[in-house]
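Worksheet: one structure, shown below.
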Amino acid sequence: MRFFPVWLALLASAAAAGEPPTRPSARLLKAQPQVFAAGRCVIYQENGGGGGASDTEYFVRGQVVATALETRSLSACPEVPGRTIDQYTRAEFNRLALAYPCLSGERAALDVQVGIVRLRVADWETPHARRAANAGRLYRGMYIDRELKKDMEIEIEADLLGACEP
């Protein structure tokens, strides 16, 4: 999972134009709203769950409940001094995942437009190996810090989702 995408240059140019810049998730919702129509099957996927090359796919699959374009104020990402993300504990990783999208370093707060999809969880598969604790949002039956349950609702940025078969 990448927390610091390349779109930061786009943020600066849009901010200079006086409008909130759009994240890829917002652009996707605007360009392809039919992909995220209510009731459509969507899936969030992660590979592997650890440092090795694994073809195991972990996922959360569900149906779209609603979508929204929201303006959010991004602040600095919570960082653990002296450690890289692969050295984070699960709790430290969760703080970072919950703050995402956020800004690396000590940049000033920045307003951006994000595309959010609320989905109703149908099924999932998560890693359980200890080495997967800081590898992604899915771990030991959890989505970040919430226990996954059938029919619960979670929110995910649109560009992190794919279409699926129900």
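The values are calculated or read from the model by the stated rules, or taken from the named source; none is laboratory data. This is a predicted model, so every value here is computed, not measured. Glycine also receives a Cβ, built like all others from the backbone with ideal geometry; neighbour counts cover every protein chain displayed. Note: accessible area is taken over every heavy atom of the protein model, side chains too, but ligands, DNA and RNA are not part of it. Shrake-Rupley method; radii C 1.70, N 1.55, O 1.52, S 1.80 Å.
If you keep only loop residues by DSSP, which trypsin sites (Lys or Arg not before Pro) in region 78-166 have at most 15 other Cβ atoms within 10 Å of their Cβ?
R83, R107, R140, K149, K150
Evaluate the distance, in nm, between pseudo-label points positioned 7 Å from the Cα of F59 and of K150 along their respective Cα→Cβ axes.
Each label point lies 7 Å from its Cα, and together they span 1.8 nm.
Probe radius 1.4 Å, ligands and nucleic acids ignored: give me the carbon and sulfur share of the accessible area of region 36-166 as a rounded percent.
Summing carbon and sulfur atoms, their accessible area is 46 percent of the total for region 36-166.
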